[in-house]
């Protein structure tokens, strides 16, 4: 199962469209995710954290991976998100 969330700015942008255009946009996003939910994974940047069978060693390697920690901090600070269901509710598209 997948989930999609919009930024508050994206929701505000959607509100500038007419209802039938909003429905077309939301339906298109939803349909594409059903067909290609992992499409964005093509751009995935993996992080090497180690190849040990020792879990504690893996944890320490993860903690020491500054690139990974920076990436996670930036992703976390992406701001609030609005679920697809909430977008539909606010746009009156239920």
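Structure above, values below:
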{"quantity": "Residue within region 44-57 that is out of contact with any helix residue (DSSP H, G or I) (no Cβ under 9 Å at 6 or more places or on another chain), surrounded by 11 or more Cβ atoms within 10 Å (Cβ to Cβ), outside any loop (DSSP other than H, G, I, E, B) and at pLDDT 85 or above present", "calculated": "no"}
{"quantity": "Total residues in region 65-85, condition surrounded by 10 or more Cβ atoms within 10 Å (Cβ to Cβ) and free of Cβ contacts under 8 Å to residues at least 24 places away in the same chain", "calculated": "7"}
{"quantity": "Residue satisfying all of: in region 23-32; within 16 Å of residue 5 (Cβ to Cβ), modelled with pLDDT of 75 or more and under 17 Å from the mean Cα position of the chain (by Cα); surrounded by the most Cβ atoms within 10 Å (Cβ to Cβ) among these", "calculated": "26"}
{"quantity": "Some residue of region 15-22 being at pLDDT 75 or above, surrounded by 10 or more Cβ atoms within 10 Å (Cβ to Cβ), touching a helix residue (DSSP H, G or I) at 6+ places or on another chain (Cβ under 9 Å) and part of a loop (DSSP other than H, G, I, E, B)", "calculated": "yes"}
{"quantity": "Residue in region 33-43 that is touching a helix residue (DSSP H, G or I) at 6+ places or on another chain (Cβ under 7 Å), surrounded by fewer than 12 Cβ atoms within 10 Å (Cβ to Cβ) and at pLDDT below 70 present", "calculated": "no"}
{"quantity": "Total residues in region 70-94, condition assigned to a helix (DSSP H, G or I), modelled with pLDDT under 85 and touching a helix residue (DSSP H, G or I) at 6+ places or on another chain (Cβ under 8 Å)", "calculated": "1"}
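The values are calculated or read from the model by the stated rules, or taken from the named source; none is laboratory data. Worth saying up front: this structure is predicted, and the values here are computed from it rather than measured. Neighbour counts run over all protein chains shown; Cβ positions are idealised from the backbone, glycine included.
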